[in-house]
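**Student:** Below: one structure in structure tokens.
The values are calculated or read from the model by the stated rules, or taken from the named source; none is laboratory data. What you see is a predicted model; the values in this text were computed from it and never measured. Cβ: placed from backbone, ideal geometry, glycine included. Neighbour counts: every protein chain shown. Remember, those area values only see protein heavy atoms, side chains included, never the ligands or the DNA or RNA. Shrake-Rupley method; radii C 1.70, N 1.55, O 1.52, S 1.80 Å.
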Amino acid sequence: MSDDVCALVGAVGGAGTTRLALEFGATLAGDGRSVVVVDAAYATQGLVTTFTDPVDPDVTRAVTDDRPLATATYDLDVPTGRLALAPARAPFERLSRAKTSECARRLAGRIGEAAHEYDHVLVDVPPVATNQAVAAVTAADRVGLVVPDTQRGADALPRTLDRLADVDARVDTIVANRANGAPEVGDADAAVPESETTALSSAPVCPGDGEFEAAVAAAVATTVGADVEPERQESSLTDYLPG
């Protein structure tokens, strides 16, 4: 396995981990890299919101039917690089089977295989309380803990660090998400403000030259360990000039 597998783990539900995984992936792709985002948040299935067409097979079928991850991977249309998603979209019965220890081991194996095909593998991980979440954080080379910059997030941080330590997963970076104003999460290594675009179906918005996009690029450098340059909008002589 390469050293480019990064698990983004939500400290609490609703931390915004799925959105950040998409934005991290788009930022890396904007730098000319190939990236796949793997969905381990089976219950919420947020990653599939990015697609308008039905997704089948999905990542849960890849692990329950023992298929290659490539069969459940779909490319997004991005200007540069490659951004692919392996989302979860499944009925309850298959979700239950996908959470077994055997399927969790398969997920870890699929993540390892993806590391040989892509420059970066990002895993969208819910709060660590299921087999597939444990498999994702233990298969990763780097773990970024996504914490909403609220009192609720700050309160959950010590418990989440303890939980990750229980499964022998090291936390490399703490990302304070939706960090507007005075920080609540004082131990954060990176901070990302709230985006003007809040709908997950409208993501990703990165790369770009706004405050949100620049903060995501900085968080990518800290969390993933990859320096990227946020896109700059160049003025042109063909731009409209009033007068």
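**Student:** Here is a check on your reading of the model: is R142 touching a strand residue (DSSP E or B) at 6+ places or on another chain (Cβ under 6 Å) and among the basic types (K, R)? Quick ask: steps written out before the conclusion?
**Tutor:** Working: touching a strand residue (DSSP E or B) at 6+ places or on another chain (Cβ under 6 Å): yes; among the basic types (K, R): yes.
So R142 passes the test.
**Student:** I've got another one for you. Got a sec? Which of D31, D75, D66 is open to solvent by 60 Å² or more (accessible area, probe 1.4 Å), more than 29 Å from P148 (Cβ to Cβ) and in contact (Cβ under 8 Å) with a residue 24 or more places away in the chain?
**Tutor:** So the residue among D31, D75, D66 that is open to solvent by 60 Å² or more (accessible area, probe 1.4 Å), more than 29 Å from P148 (Cβ to Cβ) and in contact (Cβ under 8 Å) with a residue 24 or more places away in the chain is D66.
**Student:** Can you find a residue that is surrounded by 15 or more Cβ atoms within 10 Å (Cβ to Cβ), over 15 Å from the mean Cα position of the chain (by Cα) and closer than 22 Å to A219 by Cα anywhere in the range 86-105?
**Tutor:** No, every residue in the range 86-105 fails to be surrounded by 15 or more Cβ atoms within 10 Å (Cβ to Cβ), over 15 Å from the mean Cα position of the chain (by Cα) and closer than 22 Å to A219 by Cα.
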